[in-house]
Amino acid sequence: MTALTSRLHRNLDDSSDTAPQEAGATIGTLAGWQGESACCFGGGRFGAATIGQVITAPEGVTALRRFSFVLKLPASLAFRGEVYGWDGHTASGSALFESPSTMTSGENDFQEITFVTPDASVVAGQHYVLFITTAGLADVDGQAGAFGLGPAPDGEGFVYRNDRGDARSWTTTPWQPGHADLAFEARFSS
């Protein structure tokens, strides 16, 4: 069993972690993650360039504060986080959040990667897709890594795109369904 060994916070103002907790909700499978994983996220013929988790915003929330995935990626693999609406088959509308490019430390173990979303507005009961992608970034062909899978379904399943870096296809071409949830966490405020 692989242990979660470090927490990396990307695009994060750490003061938000020390502020008093606002009313809200947290959903996800991260707390019960037992080390199960799948391959491959990355570039070119070696992996899906885009993987994500479909969720429904819980009742009583108005904003997504942050989301996390568990990843084991080479330090040279650049990626970013995104949040879009979800229409049941594709991402919908425009980005509610897009992070700058980031990378892991390249440690030889899984790491929790957190994206702070500057309170991206959400509507309770609506569906969203939280995802990571290599689309539009430097040449990543031949680089790939693993992603954690959740212990039991808590969301609506993971989805992926073998989009070869074409971000336009996110909203025009159906995504492929995975067979589980990702190891993820999403925190909301009201």
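The values are calculated or read from the model by the stated rules, or taken from the named source; none is laboratory data. Nothing here was measured: the structure is a model prediction, and the numbers come from that model. Note that each Cβ is placed from the backbone with ideal geometry, even for glycine, and that neighbours are counted across all protein chains shown.
If we keep just the residues of the range 167-189 that are in a loop (DSSP other than H, G, I, E, B) and of a type outside the set (Gly, Ala, Ser), which is surrounded by the most Cβ atoms within 10 Å (Cβ to Cβ)?
TRP175
Restricting the first residue to the range 15-40 and requiring it to be hydroxyl-bearing (Ser, Thr, Tyr), which pairs with a second residue that is at pLDDT below 85 and exposed (fewer than 15 other Cβ atoms within 10 Å of the Cβ) meet a Cβ separation below 7 Å and a spacing of at least six or different chains?
THR29/ALA152
Inside the range 98-124, can you point out the residues that are surrounded by fewer than 21 Cβ atoms within 10 Å (Cβ to Cβ), of a type in the set (A, V, I, L, M) and within 16 Å of PHE69 (Cα to Cα)?
Result: MET103, single match.
Which one is surrounded by the fewest Cβ atoms within 10 Å (Cβ to Cβ) among residues in the range 74-87 that are small (Gly, Ala, Ser) and at pLDDT 95 or above?
Here the answer is GLY85.
Out of ALA146, ALA152, ALA124, I need the residue that is at pLDDT 85 or above, not in a helix (DSSP H, G or I) and not aromatic (Phe, Trp, Tyr). Which one?
Just one listed residue meets the conditions, ALA124.
For ALA95, all conditions in the list (1) surrounded by fewer than 18 Cβ atoms within 10 Å (Cβ to Cβ); (2) at pLDDT 95 or above; (3) over 16 Å from ILE132 (Cβ atoms) hold save one; what is the number of the exception?
(3) is the only condition that ALA95 fails.
So which of PHE110, PHE131, PHE184 ends up being out of contact with any helix residue (DSSP H, G or I) (no Cβ under 9 Å at 6 or more places or on another chain) and closer than 29 Å to ALA25 by Cβ?
Testing whether each residue is out of contact with any helix residue (DSSP H, G or I) (no Cβ under 9 Å at 6 or more places or on another chain) and closer than 29 Å to ALA25 by Cβ leaves just PHE110.
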